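Asker: Submitted below is the structure of interest, expressed as structure tokens.
Readers should treat all values here as calculations from the given coordinates under stated rules, not as data from a laboratory. All values reported here derive from a predicted model rather than from experimental measurement. Methodologically, a virtual Cβ is constructed for each residue, glycine included, from the backbone with ideal geometry; neighbour enumeration extends over all protein chains shown.
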Amino acid sequence: MDRKVMRVLLVSGVLLLSMVSLAACTSSSIEQERKVYTREATTEGNFRAKQQGHGLNGTLAKKLTDGFTAKHMKLMNNMFEDDGDGGMSYMYLLNGSARHIVKVHIYRDANIRAARMEEMYGERRENAVLENVMGRTTIRSKGHVSLVYTASGGEKDEYEQDVMQVFQEVLHQIREY
């Protein structure tokens, strides 16, 4: 093969690669534009913000974490769930123990919160204690937020007083969110 043919093949290859790259970029740009116009990008951004603890939920989570840290306790293994209707729930293991679970439920309004709490726990009231042979679940709520502590096994009373103090402090500050 002579140099001219090699040069033509090389230039053709570079040109082909450039066109493929341009098409891929254009396809990606079109997809991003579609997400903006259908508000999908906003929804995805809001969901990522909730995951990362930004916004009002993040402020609440930080207050809760700070309250437990002040009591020399750690909220660990953070898990969260979006209910698909504007509500979020977070679940933590207190000091890493599966016998001590702290849940935070945040809904759009107090009526939805009450209905969902009744679905999950059989209780609509803002303050309730549910006890059975498996353990004790204490619910403290205010407005659109419910804080739930479940202790099981022989350690039901180990953290109860400290957890309730943290819950009370956090719920007292709800009006600031």
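Asker: May I ask you to order 164-171, 91-98, 78-85 by the average number of other C-beta atoms within 10 Å around their residues, highest value first? Spell out each step's value before the answer.
Answerer: Numbers: 164-171: 18.4, 91-98: 16.4, 78-85: 11.5.
Final packing ranking: 164-171, 91-98, 78-85.
Asker: Pairs of alpha-carbon atoms within less than 8 angstrom and 6+ residues apart define the contacts here; what relative contact order does the range 52-177 have, in percent?
Answerer: Working: 200 pairs, mean separation 26.9, N = 126.
Reported as a whole number, the value is 21 percent.
Asker: Can you give the FRET efficiency for residue 174 and residue 132, using 1/(1 + (r/R0)^6), R0 = 30 Å, r = Cβ-Cβ distance, to the nearest 0.05?
Answerer: On the way: r = 29 Å, r/R0 = 0.96.
Once rounded, the FRET efficiency stands at 0.55.
Asker: What is the gain in length, in nm to one decimal, between residue 17 and residue 74 on full extension, counting 0.36 nm per residue of separation less the C-alpha to C-alpha distance?
Answerer: Numbers: separation 57, 0.36 × 57 = 20.52 nm, distance 5.31 nm.
Full-extension gain reported as 15.2 nm.
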